[in-house]
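Some notes on the structure that comes next.
Read the figures in this text as sums done on the coordinates, not as results from a lab. Bear in mind that the values here come from a model prediction, so they are computed numbers and not experimental data. Cβ placement follows ideal geometry from the backbone for every residue including glycine, while neighbour counts extend to all protein chains displayed.
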Amino acid sequence: MPDQTGRTVLVTGATSGLGLASAVALARAGARVLLAARQPERGKAAVDRVLRDGGPGAELVELDLADLDSVRRAAADVRDRTGDSLHVLMNNAGVMATPPRVTVAGFELQIGTNHLGHAALTWLLMPALRGAGAARVVTLSSLAHRGGGLVVDDLHFARRPYLASRAYSQSKLANLLFAIELDRRLRTEGSDVISVAAHPGVTGTELFANSMRHRNGLLATLTAPLTTLFTQNVRTGVLPQLYAATAPQVRGGDYIGPGGIAEFAGHPAPARRSATAQDEDLARRLWDETAAATAVRPDPA
């Protein structure tokens, strides 16, 4: 990783798994890292971990992506702290395959947290990203984006039977569509900010374990050893998003994942998008629906 001294990075979902590993690695490389966390106690513990294992530049930002008021407060906090100079926004946080639940605004929890909250945060932080010069937005998608599709006019399963896996797949497809549409609009604007996407393959994170527990707690306990055996560790799984955030050769619109068989594991390499993830009309319609749902002005317009 290139030296990150003098750069400021905001990582969402930074209390565990890929987010915490990203924060440690970036701080170790010299970056000032803002760790966004929903629970202050866990956030403080994560900051302590980064200070111990990474470097001195770690700070806590309180953020609940399922609450748009919290998203607005966090964006204002970050802009104030950084003096409108944010070099990397890593949209890492997520929930996976949860039972039917809704956010504060009544959004289905997975699309509300994984996509709508991150999209609103990204738009609200765009002045700080422009202020840093050659900044990057890195949004985490998943292999799961390839299944289930996305229904723009029924994002919250009001007219469809709710399936946890389908809702997760939809949210990860939305992440990828948003990342590419954001970069397309940044290029049209002539901005030096770029938007890229990444995915971790099949990595044994807390997110993966929680998903198993939501489905069947006893089964999760019984299969835990197998999960460890058939998933890559976080130290390897985090590499695509760190590459996307820091590698000089990354270009706007890139999608980075593991380079192994079926992109399950391995070191960073170009990742494959589904045909749906390349649908520009769908991306534009999702962009407009996201703006309407969040009541946040899209930026770039």
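Quick look at the values:
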item	result
Förster radius 35 Å - calculated FRET efficiency between Thr5 and Ile261 (Cβ-Cβ, nearest 0.05)	0.40
Cα lying deepest toward the dipole's positive end in the chain, options Val137, Ala76, Leu242, charges on Cβ	Leu242
Fraction of antiparallel bridges per DSSP, the chain only, in percent to nearest 5	15 percent
Region 95-146 and region 13-59: distance between their alpha carbon centers, rounded to Å	19 Å
Label point distance in nm, Asp77-Val152, each placed 7 Å from Cα along Cα→Cβ	3.4 nm
Axial C-alpha extent at least 24 Å, average Kyte-Doolittle at least -0.5 - helices from the chain (DSSP)	164-189
Residue-averaged [θ]222 nm for the chain, counting only DSSP H segments that reach four residues, each worth -39500 (n - 2.57)	-14000 deg cm²/dmol
Size of charge dipole - the chain - debye, nearest 20, with Cβ of Lys, Arg +1 and Asp, Glu -1, no other charges	480 debye
Contact order relative to length of region 8-292, as percent, for alpha carbon pairs under 8 angstrom and 6 or more apart	17 percent
Considering only region 18-161, percent of DSSP beta bridges that pair antiparallel, nearest 5	10 percent
Residues of region 282-301 with amide N under 12 Å of the 7 Å Cα→Cβ point at Asp69	none
